[in-house]
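A.B. asks: Before anything else, here's the structure in question.
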Amino acid sequence: EQVRALDAAWNRAYQERDLGALDRLLADDWVGLTPPHGVITKERLLRGQRRASEEAVITFGPGEVRLFG
């Protein structure tokens, strides 16, 4: 449930362009993969969110959670 709650917080912060929440939620060494850009860092994501148009918001669907170990 904690992972799902964090995922929901991430999605909400991303959609609302809440840069403070994204900064708190993502580790400084966070990296993601995007189809058009490949690897994206936390710094690049935050910078892009500052400049993105309202139409550029991506909505994420529910994911699958797996726990190992």
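The values are calculated or read from the model by the stated rules, or taken from the named source; none is laboratory data. Just so we're clear, the structure is a prediction, and the values are computed from it rather than from any experiment. Surface accessibility is based on the protein's heavy atoms, side chains included, excluding ligands, DNA and RNA. Shrake-Rupley method; radii C 1.70, N 1.55, O 1.52, S 1.80 Å.
A.B. asks: Using a 1.4 Å probe on the protein chains only, how many percent of the accessible area of the chain belongs to carbon and sulfur?
C.D. replies: So the carbon and sulfur contribution to the accessible surface is 53 percent.
A.B. asks: Give the ranking of Leu19, Leu67 by solvent-accessible surface, highest area first, calculated with a 1.4 Å probe.
C.D. replies: Working: Leu19 50, Leu67 150 Å².
Descending order: Leu67, Leu19.
A.B. asks: Right, next: Report, to the nearest 10°, how far helix 42-51 tilts away from the longest principal axis of the Cα atoms in the chain, using its own Cα long axis and a range of 0 to 90°.
C.D. replies: Between the helix axis and the principal axis of the chain, the angle is about 50 degrees.
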